[in-house]
Amino acid sequence: MTDLKEQEDTFNLIGASLKRKIKCFVIGGSAMLYYKLKDATKDIDIVLLNENDRSYILKFMKNLGYAERNSKILYVNKRNVPILLQREQNRFDLFSRIIINLKFSDGMVERSNIVYEYGNLIVNVASPEDIIILKCATDRAGDRLDAASIIKNTNVNWDTLFKESISQMESVGDIIPLNLYQFLLELKEDLKIEVPDDFIKNLENECEKILDKKLKEGSTIRVTKYKK
């Protein structure tokens with residue numbers, strides 16, 4: 001497990017080794033540490049905006065003693081999995097723009113307005129709304145509990161969440177609003193999290209329109225099955 005101090009110490013170590021500035025984005029539990037929504041995270045999740053930047057930082061992290069692990073062990077039957085790196089108990093997931101079945105969109109980049117500099121490593125923190133929607137993609141143990149904590153402890157902009165889910169579908173092709181609907185409905189029904197009824201209803205209506213259109217087109221529909 002990695003707490004905020006250990007994460008920042010690691011970022012300082014990486015930033016000091018880099019020869020040029022690299023912008024990255026922290027998501028998941030790594031971002032939640034900055035919002036003080038978690039005490040520690042199992043792995044440090046970062047997104048690079050292109051493959052060149054990911055390859056560059058990968059080279060320097062290997063020089064620091066990080067070794068690659070098989071990502072399929074943690075991301076079973078997933079597409080666009082990260083590069084997993086580990087040094088002792090310190091583990092990184094390096095994504096390159098596409099995160100399983102979602103894209104770190106331009107909107108997500110703009111909303112990442114909390115920025116820290118660790119030498120040449122520029123760390124941007126994903127917004128609470130984008131952390132929630134990205135957890136629909138990773139589907140790992142604890143994702144629902146993390147999303148519940150975000151909703152309970154931050155002022156979530158539900159309109160942003162709704163619009164981003166629609167934008168994601170147009171960008172990557174998956175039925176992201178339906179995945180988000182299922183994810184949040186489970187939070188509401190199983191964990192008794194207060195998700196606004198009008199948001200659920202609007203998302204449900206949007207899902208019905210999307211599914212009806214897809215069925216008429218004869219399109220294949222991919223839906224994520226979330227673990228309880």
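Quick rundown of the values:
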item: Residue check, Leu37 touching a residue at least 24 places away in the same chain (Cβ under 8 Å), of a type in the set (A, V, I, L, M, F, W, C) and surrounded by fewer than 18 Cβ atoms within 10 Å (Cβ to Cβ); result: yes
item: Residues satisfying the stated conditions in segment 79-90, i.e. surrounded by fewer than 21 Cβ atoms within 10 Å (Cβ to Cβ), without any contact (Cβ under 8 Å) to a residue 60 or more places away in the chain and not acidic (Asp, Glu); result: Arg79, Asn80, Val81, Ile83, Leu84, Gln86, Arg87
item: Tally of residues being of a type in the set (A, V, I, L, M, F, W, C), over 15 Å from the mean Cα position of the chain (by Cα) and under 15 Å from Leu85 (Cβ atoms) across segment 26-64; result: 5
item: Subset of segment 51-80 (residues that are under 20 Å from Thr2 (Cβ atoms) and either aliphatic (A, V, I, L, M) or not assigned by TED's automatic domain parsing to the domain that holds Tyr118 (or both)); result: Ile57, Leu58, Met61, Leu64, Ala67, Ile73, Leu74
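The values are calculated or read from the model by the stated rules, or taken from the named source; none is laboratory data. Bear in mind the structure is a predicted one, so any value in this text is a computation, not a measurement. Cβ atoms come from the backbone with ideal geometry, glycine included; neighbour counts cover every protein chain shown.
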